[in-house]
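Everything on this sheet refers to the single structure shown next.
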Amino acid sequence: MLRTIADHLVDVAQNAVKAGAKNIKIEIEETDEWFSFVVEDDGPGIEDPERVFDPFFTTRDPRLRKVGLGLPFLKQAAEQTGGFVKLHTERGKGTRVEARFNLKSVDCQPVGDVAGALASLVLSGPGVNWYIIRKKNGNGYEINTIELREKGLWDPENPGFAAFLFETLEDLEKELKGGENNE
């Protein structure tokens with residue numbers, strides 16, 4: 001079940017990986033009032049975009065899954081906070097999903113574990129070029145797996161690398177949380 005905003009982010013990005021995207025850009029922007037994310041990929045695009053918010057529609061093998069609940073749940077969760085979901089897709093060029101949540105709404109799900117979500121995504125798609133921009137109240141960080149590869153810092157096959165990535169992202173997220181008290 002998609003219990004946090006981070007779960008929704010993971011679901012959208014995993015859909016891009018499953019669709020065959022080789023480059024995925026994630027932008028996360030958070031303020032005291034809003035949490036927004038964009039997942040943009042260079043995958044094949046969505047064949048039937050007008051049906052993606054129908055919970056009884058999925059492009060997956062019906063023997064494996066009869067419904068596609070990720071995007072309908074995302075749309076419902078964002079809209080019940082006063083936010084939105086926007087989808088732009090072009091066959092053969094990719095898809096862009098943008099979601100915005102009002103953090104002040106009583107109906108807003110918790111943000112969840114952003115560091116864990118990002119680390120899990122990057123590690124689950126080692127062949128994907130990930131470009132992640134994370135900002136909170138004007139501060140932030142970026143991750144670019146192409147640059148990490150070029151610098152010899154990318155080693156997803158090494159179990160120690162996974163621990164390093166999780167710890168680094170957790171430290172970066174802690175810095176962002178600490179930074180909001182200093183403004």
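The values are calculated or read from the model by the stated rules, or taken from the named source; none is laboratory data. Source: prediction; values computed, not measured. Quick note on the areas: whole protein, heavy atoms, side chains included, nothing else; ligands and nucleic acids left out. Shrake-Rupley method; radii C 1.70, N 1.55, O 1.52, S 1.80 Å.
Averaging the Cα positions of each part gives two centres, and for the stretch 1-53 and the stretch 93-163 these lie 11 Å apart. The fraction of Cα-Cα pairs per 5 angstrom bin, counted from 0 for the chain, comes to 1, 8, 16, 20, 20, 16, 11, 6, 2, 0, 0 percent, rounded to whole percents. For the residue pairs Lys18/Lys174; Lys25/Lys86; Lys135/Lys174; Lys25/Lys93, alpha carbon separations beyond 20 Å are given by Lys18/Lys174. Looking at the square roots a ≥ b ≥ c of the eigenvalues of the Cα gyration tensor of the stretch 87-183, which shape do they give, rounded for a/c under 1.5, prolate if a/b is larger than b/c, or oblate? Taking the square roots of the gyration eigenvalues as a ≥ b ≥ c, the stretch 87-183 is oblate. Of the whole protein surface, Asp42 contributes about 60 Å² of accessible area at a 1.4 Å probe radius. From helices alone, the chain scores -10500 deg cm²/dmol at 222 nm; the rule is -39500 (n - 2.57) for each run of n ≥ 4 DSSP H residues, then divide by the residue total. Ranked from largest to smallest solvent-accessible area, with a 1.4 Å probe on the protein heavy atoms, Phe161, Phe84 come out as Phe84, Phe161. Mean Kyte-Doolittle of at least -0.5 plus a Cα span of 27 Å or more along the axis: flag which DSSP H helices in the chain meet both, please. Membrane-span-like by this criterion, though nothing is claimed about a membrane: 159-179.
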